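Worksheet for the structure shown next.
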Amino acid sequence: MNEFLEDCRAIVGADNLLTEANDTGPYLTDWRRRFTGKALAVARPASTEEVAALVRLCSRDRVPLVPQGGNTGLVLGSVPDASGSALLLSLKRMHQIHDIDLINNTITVDAGCVLQTIQEAAAASGRLFPLSLGAEGSCTIGGNLSTNAGGTGVLRYGNTRELCLGLEVVTPQGEIWNGLRALRKDNTGYDLRDLYIGAEGTLGIITKAVLKLFPQPKAQLTALAALQTPDDALAFLSMAQARCGSALTGFELMSAVCLQLVAKHYPQLHQPFGADVPQTVLLEISDSESEQHAMEMLEALMAEALEQGVIQDAVVAGSIAQSKSLWLLREHITLAQADDGKNIKHDISVAISNIGNFIRETDVLVEQHFPGARMVTFGHLGDGNLHYNISAPEGISDDAFLLQQDAVNQVVHDSVHRHGGSISAEHGLGALKREEIRRYKSELELRLMANIKNALDPLGLMNPGKVL
């Protein structure tokens with residue numbers, strides 16, 4: 001391996017091939033600090049050509065390769081296994097914004113660009129890049145594309161797949177496919193772009209992307225509503241869509257346990273209804289006309305929902321500061337749950353119309369099998385994606401509860417399957433759910449996926465052990 005490492009060093013430079021434990025450590029431990037892998041080295045290329053050269057070396061010497069962006073994933077998709085045989089390829093040095101086309105409404109960026117940097121560049125040009133998620137200050141667009149990330153804006157703008165027009169990809173053979181076409185219509189054969197998006201680096205390495213931009217809304221308003229049940233939230237969603245149409249850009253559901261944890265660990269965050277409301281919905285309106293028009297639309301919606309008894313109470317943010325404070329409640333749920341102890345996460349989706357039944361039935365099943373477990377249920381109700389997380393019962397140690405993780409997962413995922421849903425809505429499969437998915441996908445579907453993998457990566461060197 002000395003010759004291989006020397007050849008890697010010649011490509012990226014001595015300072016950008018990390019081999020010492022102190023240097024490689026941050027790249028090898030996953031975001032949740034549940035697993036630490038090993039690697040031959042960490043390579044930090046600065047260009048697509050350097051990525052391609054490294055991939056050719058890996059192909060020559062049969063060295064597995066693990067691509068990594070911001071290392072913010074939750075399913076062990078961007079860290080190597082414990083064998084120490086892989087080269088970890090970090091794209092963080094590839095962070096250039098290459099072009100902003102205000103007529104075509106596109107931005108072309110390197111895969112290592114941090115999501116927040118792209119948002120800010122778009123805003124500085126009077127445009128909106130609507131992908132938004134909790135890790136946006138550190139996740140990279142290459143990782144977002146590789147996992148087809150979701151976030152809070154999917155209801156209006158779609159997943160990352162819908163926000164991408166073109167890609168540049170380094171193939172497992174070290175060739176560079178230039179698919180950086182900024183076209184909204186291109187019906188010339190198989191859609192290779194969509195093949196690489198969501199593949200978690202198992203088919204090739206995304207190095208650049210052309211992304212869609214949108215006009216900045218004239219007004220963004222936020223409101224919080226108190227409800228009794230998820231079924232009430234679904235009725236409220238239907239009313240909001242009927243009244244607001246495409247102006248409805250966010251619709252987040254939060255159970256009582258979620259906000260109780262936030263109140264416990266972040267008491268400085270004001271909760272307008274207290275922390276004992278059974279269900280709370282955070283919604284956002286983005287209007288292209290005016291703030292007055294948006295406020296009239298939102299107030300009419302709230303009045304109708306209150307009059308019909310769909311919601312019990314409501315508050316509309318009257319300023320940017322108040323809006324941010326409401327969003328902070330939603331954004332601190334994950335932090336509060338982590339502060340409270342280790343937990344078992346589920347990133348699931350079911351048809352929106354089925355969410356009420358799923359929550360009601362799965363809550364009963366979890367309580368039957370794991371008495372006292374606390375369901376921390378929140379997420380993107382508008383697109384059917386829930387983070388159905390489960391914390392240990394009071395008085396039970398985290399470690400003791402985590403011993404039951406496989407059993408908890410099976411209860412939840414079997415329920416997801418019965419309701420026609422998916423066990424991964426926006427986080428991907430990685431290594432964490434690789435075996436789990438085999439219980440729910442058909443043999444034919446798995447075989448077709450394996451055929452694609454074998455055709456594009458016959459040596460099996462691209463992010464091995466992930467997805468399949």
Condition first: within 22 Å of TYR266 (Cβ to Cβ) and either modelled with pLDDT under 95 or in contact with a strand residue (DSSP E or B) (Cβ under 7 Å, 6 or more places away or on another chain) (or both). Can you find one or more residues in the range 345-367 that meet it?
yes
Test: residue in the range 81-96 that is touching a strand residue (DSSP E or B) at 6+ places or on another chain (Cβ under 9 Å), at pLDDT 95 or above, crowded, with 24+ Cβ neighbours inside 10 Å and farther than 16 Å from LEU17 by Cβ
no
Given the conditions (1) of a type in the set (D, E, K, R); (2) touching a residue at least 40 places away in the same chain (Cβ under 8 Å); (3) more than 22 Å from ASN451 (Cβ to Cβ), report the number of the one that ASP186 does not fulfil.
(2)
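Going by the conditions given, is ALA233 under 30 Å from GLY77 (Cβ atoms), of a type in the set (Gly, Ala, Ser), at pLDDT 95 or above and buried (at least 22 other Cβ atoms within 10 Å of the Cβ)?
Values: under 30 Å from GLY77 (Cβ atoms): no; of a type in the set (Gly, Ala, Ser): yes; at pLDDT 95 or above: yes; buried (at least 22 other Cβ atoms within 10 Å of the Cβ): yes.
Against the criterion (under 30 Å from GLY77 (Cβ atoms), of a type in the set (Gly, Ala, Ser), at pLDDT 95 or above and buried (at least 22 other Cβ atoms within 10 Å of the Cβ)), ALA233 does not qualify.
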For the range 97-116 the number of residues that are among the aliphatic types (A, V, I, L, M), surrounded by 15 or more Cβ atoms within 10 Å (Cβ to Cβ) and outside any strand (DSSP E or B) is 2
Among the residues of the range 345-372, count how many are of a type in the set (Ser, Thr, Tyr), surrounded by 14 or more Cβ atoms within 10 Å (Cβ to Cβ) and out of contact with any Asp or Glu (no Cβ under 8 Å at 6 or more places or on another chain).
1
Filter result for the condition that a residue is under 24 Å from the mean Cα position of the chain (by Cα), in a loop (DSSP other than H, G, I, E, B), buried (at least 22 other Cβ atoms within 10 Å of the Cβ) and not assigned by TED's automatic domain parsing to the domain that holds ALA247, over LYS466, LYS441:
LYS466
Of all residues in the range 188-222 being in contact with a helix residue (DSSP H, G or I) (Cβ under 6 Å, 6 or more places away or on another chain), more than 24 Å from THR108 (Cβ to Cβ) and not β-branched (Val, Ile, Thr), the one that is surrounded by the most Cβ atoms within 10 Å (Cβ to Cβ)
LEU221
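What number of residues within the range 318-344 are among the aliphatic types (A, V, I, L, M) and surrounded by 20 or more Cβ atoms within 10 Å (Cβ to Cβ)? Talk me through it step by step, then tell me what you get.
Of the range 318-344, the ones among the aliphatic types (A, V, I, L, M) are 320-321, 326, 328-329, 333, 335-336, 338, 344.
With the extra rule that they be surrounded by 20 or more Cβ atoms within 10 Å (Cβ to Cβ), the set shrinks to 326, 329, 333, 336, 344.
Qualifying residue count for the region: 5.
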Of the criteria (1) within 30 Å of THR36 (Cα to Cα); (2) within 21 Å of the chain's Cα centre (by Cα), which one ILE107 fails:
(1)
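Please work out if LEU301 is surrounded by 22 or more Cβ atoms within 10 Å (Cβ to Cβ), closer than 15 Å to LEU381 by Cβ and in contact with a helix residue (DSSP H, G or I) (Cβ under 6 Å, 6 or more places away or on another chain).
no
Residues that are under 23 Å from VAL350 (Cα atoms), out of contact with any Cys (no Cβ under 9 Å at 6 or more places or on another chain) and not assigned by TED's automatic domain parsing to the domain that holds GLY158: which strands (runs of 3 or more DSSP E) entirely in the range 222-333 hold 3 or more of them?
Strands (runs of 3 or more DSSP E) meeting the threshold: 248-255, 279-287.
Can you give me the number of residues within the range 416-438 that are part of a strand (DSSP E or B) and in contact with an Asp or Glu (Cβ under 8 Å, 6 or more places away or on another chain)? Walk me through how you get there before you give the answer.
Restricting attention to the range 416-438, the residues satisfying the condition of being part of a strand (DSSP E or B) are 422, 424.
So of that shortlist, the ones also in contact with an Asp or Glu (Cβ under 8 Å, 6 or more places away or on another chain) come out as 424.
Residues that pass the stated criteria total 1.
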If only one of GLY73, GLY134, GLY151 is at pLDDT below 95, of a type in the set (Gly, Ala, Ser) and in the same structural domain as ASP23 (by TED's automatic domain parsing), which one is it?
GLY73
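The values are calculated or read from the model by the stated rules, or taken from the named source; none is laboratory data. Please read these numbers as outputs of a predicted model, since none were measured by experiment. In this analysis, Cβ positions are derived from the backbone assuming ideal geometry, glycine residues included, and neighbour counts consider all displayed protein chains.
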